[in-house]
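The values are calculated or read from the model by the stated rules, or taken from the named source; none is laboratory data. No experiment lies behind these values; they were computed from the predicted model shown. Counting neighbours? That spans all protein chains shown, and the Cβs are built from the backbone with ideal geometry, glycine included.
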Amino acid sequence: MSTKYWLMAAVWYYGMVNYLDRVALSFAAPTIMKTLAIDPATFGSILASFAIGYSIAQIPGGVIADRWNAKTMLVIAPLVWAGITAMTAFIYSPTLFVVARIGLGLSEGVALGAIYKIQFDNFTSSERPMVAAVGLTPVAMAPALAGPIVGLLISYFDWRAAFIALVVPSVLVSVVVYFLIPSRGLVTASTPAEETRGAAARRGSGGSLLEILLLPSFWCVAATWFCFNFAYWGYNGWMPSYLALGRHVDVKSAGVLGGLPYVLGFVGLMLAGWLGKGRFYAHRAQLLSACYAGAGVALYAAYSSEALYASVVGLAFSAFFLMGSMTVVYSVAADLSPEASRGTYWGAVSTLGQAAGILAPWLIGRLVAETGTFAAGFYVMVAGLFLGALLILFVIPSLAKTTIRQKAQELVGGRT
């Protein structure tokens, strides 16, 4: 197996455990709120606190990934979040939950730039949508697994056992990364031309943070990512609780039903990756816009449907479009970012985008507490998705120029 695929295997496992740790709290939420007498507004603040740490770590992590070896970060970070996950099992107050979630966000966020850089520095522009789809499958698979796992552990033990059980796979991440990701030469170029560009990137030439912030396309991508994250974190944070509190499904069943939408999300990832690599490669912005609009329609249907099965179908198709959009937006951002500073570029995009991850769980929690229903929360998420569908269309001219240039470089590299 080539170095590229060993790298992808390590990144895949890293992402799988990363997301398992991240979403476990959402599936344990109904039991935790009941056990510790935490109201929805307070728990919304707890969910939002993860995004605070996650956002703070984005730019520093991206800069480190661009300028220094990323392997050390990817080995140490899982050990830190494993410790925080273990400590979560012994928390008894909302304040400590907030501190733990901020710490988890910091430990996971600092490595995001390195993960992003490893994936996209090793594959050509036309390969990236499918590479992103494979690399992002844990986003769909982890919640699909977390729901049943957390539900069963809570049913037979308690919510604390779920967090203790997640420590072992987190520690194993460090071992996998240590052996499968090389210490040097993280960029494995496909062609001599790409090797030359990769060497320039490793020297850190060009693409400073200030230069990135002056790019109009950067602000379009960042604003679009903000809209996506509002819906994504609102969905991830409150969907299991919506099934339990809004649809009156028991905790064990809510865990299983809450995992089902992510199965369809996996299909969305792979389909969008295939379309973005092939037929829609030159029209990825339009594909992304369609994904956002589709997710908005599905979310509206999920809440407005009276029957439980219809609501679950709506939630499943919401995940289908949300997950599919992630494949495309990462590919678009990779092509629009300066080659020497892809980690910094995505760190800056993610910092602004993750502000929605702070706002969404808190705001939805407040709306639920004040209105007694999930209606307003769903409507705000739907509005954000339609806004994102509009904003991404503004990058079409910039993306078209970049696409032509990337294709020309690949053709020249292939003949070299």
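Residue by residue through region 124-161, note down the ones that are in contact with a Phe, Trp or Tyr (Cβ under 8 Å, 6 or more places away or on another chain) and either outside any helix (DSSP H, G or I) or among the hydroxyl-bearing types (Ser, Thr, Tyr) (or both). Break it down stepwise before answering.
Looking only at region 124-161, we keep the residues that are in contact with a Phe, Trp or Tyr (Cβ under 8 Å, 6 or more places away or on another chain), and these are 126, 128-144, 146-147, 150-151, 153, 160.
Those that are in contact with a Phe, Trp or Tyr (Cβ under 8 Å, 6 or more places away or on another chain) and either outside any helix (DSSP H, G or I) or among the hydroxyl-bearing types (Ser, Thr, Tyr) (or both): SER126, THR137.
Can you pull out every residue in region 258-284 that is touching a residue at least 12 places away in the same chain (Cβ under 8 Å), within 12 Å of PRO129 (Cα to Cα) and not charged (D, E, K, R)?
LEU269, MET270, LEU271, ALA272, GLY273, TRP274, LEU275, GLY276, TYR281, ALA282
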Pairs, please: C-beta under 7 Å, at least 6 apart or cross-chain, first residue within 15 Å of GLY246 (Cβ to Cβ) and touching a residue at least 12 places away in the same chain (Cβ under 8 Å) and in region 23-51, second of a type in the set (Val, Ile, Thr) and surrounded by 19 or more Cβ atoms within 10 Å (Cβ to Cβ)? PRO30/VAL251; PRO40/VAL368; GLY44/ILE364
Report yes if some residue within region 289-297 is of a type in the set (Val, Ile, Thr), modelled with pLDDT under 85 and in a helix (DSSP H, G or I); otherwise report no. no
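Given ALA10, ALA24, ALA65, which one is under 16 Å from SER350 (Cα atoms) and either surrounded by fewer than 18 Cβ atoms within 10 Å (Cβ to Cβ) or not hydroxyl-bearing (Ser, Thr, Tyr) (or both)?
ALA65
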Condition broken by SER341, with the remaining ones in (1) in contact with a helix residue (DSSP H, G or I) (Cβ under 8 Å, 6 or more places away or on another chain); (2) small (Gly, Ala, Ser); (3) more than 23 Å from GLN119 (Cα to Cα) satisfied: (3)
Pull out all pairs, ordered by first then second residue, where Cβ-Cβ is under 6 Å, the residues are six or more apart or on different chains, the first lies in region 315-343 and is in contact (Cβ under 8 Å) with a residue 24 or more places away in the chain and more than 15 Å from GLY268 (Cβ to Cβ), and the second is basic (Lys, Arg) and surrounded by 24 or more Cβ atoms within 10 Å (Cβ to Cβ). VAL332/ARG284; ALA334/ARG128; ARG342/LYS117; GLY343/LYS117
Six or more apart or on different chains, Cβ atoms under 9 Å: show the pairs whose first residue is in region 366-382 and over 9 Å from ALA41 (Cβ atoms) and whose second is charged (D, E, K, R) and surrounded by fewer than 21 Cβ atoms within 10 Å (Cβ to Cβ). ALA376/GLU370
Of the listed residues (LEU36, LEU79), the one being over 25 Å from MET141 (Cβ atoms), in contact with a helix residue (DSSP H, G or I) (Cβ under 8 Å, 6 or more places away or on another chain) and surrounded by fewer than 20 Cβ atoms within 10 Å (Cβ to Cβ) is LEU36
Looking only at region 303-330, filter to residues that are in a helix (DSSP H, G or I) and modelled with pLDDT under 85; which one of those is nearest to LEU214 (Cα to Cα)? TYR330
